[in-house]
Amino acid sequence: MTVSQEAGGDRLAIARRFFDAIAHGRLLGMTPDEATRDSVLARLPYREELVGNPATGVIHGGVITTLVDETSGAAVLVTLGTPEAIATLDLRIDYLSPAEPHRDTFARSQCYRITRHIAFVRCTVYQSAPDSPIATSMSTFMRTGGRRLRRTARVGASS
């Protein structure tokens, strides 16, 4: 294994821990598939219970918003290289077309700038290819000064 593969594996592990810490994303079935030094690719498998309009079978826009927010947050953490608590400050999404029914949806987020207090992220959501997006976004995240990310209790777990 090369050094870059090891670093990529560490980044993917950071993204997986972040996704696993957020109960809502777990319930939706979102998973990170790839991570680089500044980006994360996540998958949202199509499921009937995620449909917003039963007549068309199109995934609810709120589900796409959650995919964008969680993938963008994970991109911040892989860029930082350490699990740090972050908070979404601003999330702007342009919905370009509805997601096609019965197809997985992907989001690729890139953290393109980080300052001491703020991280800046862009995201593309697609099904067939990144150059045919169904949504794009720009977002900012507040860094909390190094406070560690806490794991939330799993839904249905006994206390």
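Among VAL76, VAL51, VAL63, the order by Cβ neighbours within 10 angstrom, fewest to most, reads VAL51, VAL63, VAL76.
When the Gaussian network model of the chain links Cα atoms closer than 10 Å, the mean-square fluctuations of GLY145, GLY73, GLY61 top out at GLY145.
For VAL58, the amide hydrogen comes within under 5 Å of the amide hydrogens of GLY52, ASN53, counting only partners 5 or more places away or on other chains and with H modelled in the peptide plane.
Just to confirm the number: angle between the C-alpha axis of helix 61-80 and the first principal axis of the chain, 0 to 90 degrees, nearest 10? Helix 61-80 and the main axis of the chain meet at about 20 degrees. Mean-square fluctuations from a GNM of the chain, with a 10 angstrom spring cutoff on Cα atoms, peak among GLU49, GLU100, GLU34 at GLU49. Our summary gives the chain a relative contact order of 23 percent, counting only alpha carbon pairs under 8 angstrom and 6 or more residues apart.
Computed about its Cα centre, the charge dipole of segment 3-148 is approximately 500 debye, with only Lys, Arg, Asp and Glu carrying charge at their Cβ. Return the label of the correct value of Rg/Rh (Cα atoms, Kirkwood Rh), as calculated from the structure shown, out of (1) 1.32; (2) 0.97; (3) 1.10. Given (1) 1.32; (2) 0.97; (3) 1.10, the structure-derived one carries the label (2).
Between THR115, THR136, THR71, the GNM of the chain built on Cα springs shorter than 10 angstrom shows THR115 fluctuating the most.
Coordinate-derived values only; no laboratory data. Nothing here was measured: the structure is a model prediction, and the numbers come from that model. Using ideal geometry, Cβ is built from the backbone for each residue, glycine included, and neighbour counts are taken over all protein chains shown.
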